[in-house]
Amino acid sequence: MPTGLWTKVVTVAAGAAAAAYVDKNLYLSHDIMTYWQHAISLLQAKYLIARNTRVADLWEELVDAMPSKVLVMFEGKKYTAVQLETEANRIAHWAMSVGLTPGSIVALLMENRPEFLTTWIGLSKVGVVAALINTHVAEEGLLHCINVSEASVVIFGAECTEQMHRVLDRLPPRISGLYVYNDGTALIYGHSLTPLR
């Protein structure tokens, strides 16, 4: 092998070894893949926003594609797409019955469970914007989140009742309804979300 070619082979091999060493220690390839995936997600989100796509639209595409597929497993129970869709539709009907209209903003304070998902999707079906509030925020943080959300209604899980009672007298006057999800094990039907005040 000529000397010039040998030098190039050694240089390429040394460069590849150095790159592999740096990648192993700094996880650069992982970071590049992560950033690439985020860039793709951002482009998809911009496309969906440009199409004025709602969460409910994406949800209905999913339900149509796999109606009997189990999408959620929670505390030993399995929920298929159709079961979750049925509950989301109940929430949508409830939302319309209490006067929520497209563009209304609802603060949703509920721990992660199937009812959280169906409430969010059900509200989206009506065109209601759900401001998802972190259940770990304390009094001042909770008030701040509700204030900046500009919500006119708050829906919260029974597990968050104590948090809501602590801020009840300091809620902005625009809050026209507070609804508690009575029983975390029972699914909402009709008007079973009961007003707190």
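Over all pairs of distinct alpha carbons, what does the Kirkwood formula give as the hydrodynamic radius of the stretch 54-195, in Å?
Values: mean 1/r = 0.0652 Å⁻¹.
Mean inverse Cα-Cα distance, inverted, gives 15.3 Å.
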>> Between 0 and 90 degrees, rounded to the nearest ten: what's the tilt of helix 3-26 against the longest Cα principal axis of the chain?
In response: 20 degrees
>> Net charge around A131, counting only other residues with Cβ within less than 14 Å of its Cβ (Lys, Arg = +1; Asp, Glu = -1)?
In response: 0
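Please go through the stretch 18-76 and write out the trypsin sites (Lys or Arg not before Pro) that DSSP classes as loop and that have at most 15 other C-beta atoms within 10 Å.
Numbers: sites: K24, K46, R51, R54, K69; in loops: R51, R54, K69.
Sites meeting the loop and neighbour criteria: R51, K69.
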> Of the listed peptides 147-157, 169-179, what is their order by residue-averaged count of other C-beta atoms within 10 Å, with the highest listed first?
Replying inline: 147-157, 169-179
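No lab work stands behind these numbers, since they all come straight from the coordinates. These figures come from a predicted structure and were not determined experimentally. All Cβ positions, even for glycine, are placed from backbone atoms using ideal geometry, and neighbour counts span all protein chains on display.
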